[in-house]
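Since the structure comes first, as structure tokens, the remarks are kept for the end.
Values in this text are rule-based calculations from the coordinates and carry no lab data. Since we're looking at a predicted model, the values are computed, not measured. Cβ placement follows ideal geometry from the backbone for every residue including glycine, while neighbour counts extend to all protein chains displayed.
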Amino acid sequence: MSHSEWAESQLAEIELLSSMFPTQEEFEVTDQLALAELRDYVEGCAESPPPSRPQFLIKQKMDTASMKEVDFTISCAYPSDYPSVLPEITVRCSELSRAQQTQLHADLNAYLKESCRGEVCVLSAVEWVKENSLLYINKSSSAALPSKKESASPSEVFSRLWIYSHHIYNKTKRKNILEWSKELGLSGFSMPGKPGIVCVEGPQAACEEFWSRVKVLTWKKIMIRHREDIPLDRRGEDSSAGESMDSLRKFTSFEEAMFDPHGNRGNHMDLGQLYQFLNEKGCCDVFQIYFGIEGR
């Protein structure tokens with residue numbers, strides 16, 4: 001890629017992130033001059049690549065196993081030749097020790113090197129942090145409170161995973177997705193094509209088992225774009241609303257959904273029909289999470 005292509009990719013990603021995290025409490029560009037210089041270069045108002053590097057913060061709140069809300073700040077700086085090289089990402093959280101932060105950074109970088117080299121990857125990094133960072137905190141909490149082991153026995157959790165793939169074409173993968181979801185008692189749907197979308201819902205352990213099988217297949221890119229976790233009491237009901245596991249499901253079974261396939265290879269779906277499908281299931285908000293725009 002050329003300097004101009006790198007710059008275009010960087011600006012496009014920043015604009016996507018700012019649309020997905022629209023408030024300053026969620027997304028903050030810490031060097032506005034660098035962003036202005038980057039935009040001038042991309043729009044042809046400057047002849048040479050910008051001398052400074054765009055830097056920004058993404059701030060997230062997450063609940064630990066003890067239901068305590070913790071703040072995460074993901075700091076990112078673009079090297080001039082990003083995305084040909086990885087960005088500089090630092091995750092900060094007051095609940096993490098220095099050793100835990102070091103391990104989290106090592107694991108995150110290993111994931112990005114394996115899955116995202118050569119492509120914009122900040123959103124993938126954010127999703128990885130949301131999916132994995134609480135494991136470090138929860139381990140810390142359980143180690144710090146050994147005397148309360150009996151009160152920390154986990155209640156059942158209902159989960160819904162919204163998985164995004166660059167594409168799903170392969171017939172064997174599509175067959176695996178259908179068979180594994182039924183084997184594990186999960187409901188939801190998969191949309192083949194480009195992009196590929198999979199939603200699975202059911203007991204958290206079954207969802208995690210499904211994800212562990214799917215993610216190790218060969219993909220150009222695959223990630224959990226969004227997840228929903230609802231703690232249940234020991235009777236299998238939502239502890240706050242008294243709902244059962246089955247009543248929380250948006251889907252009655254698992255199916256492969258097609259929405260007016262078109263394009264030269266018939267691999268693009270009508271996203272308007274996808275939005276209507278999600279709207280009928282009561283989960284249209286996820287459309288903006290997937291695509292960064294409101295559906296209609």
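Summary of values
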read-out: Label-point separation in nm, Glu127 to Ser80, each point 7 Å along Cα→Cβ; value: 3.2 nm
read-out: Isolated Cys in the chain, by beta carbon distance under 4.7 Å; value: Cys45, Cys76, Cys93, Cys199, Cys207, Cys283, Cys284
read-out: Segment Asp229-Glu28, length gained on full extension (0.36 nm per residue, minus Cα span); value: 69.6 nm
read-out: At R0 = 22 Å, FRET efficiency that the Cβ-Cβ distance of Ser48 and Met1 yields, to 0.05; value: 0.85
read-out: Gain upon complete extension [Glu183, Met258; 0.36 nm per residue less C-alpha separation]; value: 24.8 nm
read-out: Chain lengthening between Thr102 and Asp71 when straightened (0.36 nm per residue, less Cα-Cα); value: 9.4 nm
read-out: Inter-site label distance for Ala110 and Thr172 at 7 Å from Cα along Cβ, in nm; value: 2.6 nm
read-out: Highest average packing first - 185-191, 23-29, Cβ atoms within 10 Å; value: 185-191, 23-29
read-out: Summed residue charge, Cβ within 10 Å of Ala46's Cβ, Lys/Arg positive, Asp/Glu negative; value: -3
read-out: Formal net charge of residues neighbouring Ser187 (Cβ-Cβ distance under 12 Å; K, R +1; D, E -1); value: +2
read-out: Ordering of 219-231, 36-48 by packing [mean C-beta count within 10 Å, highest first]; value: 219-231, 36-48
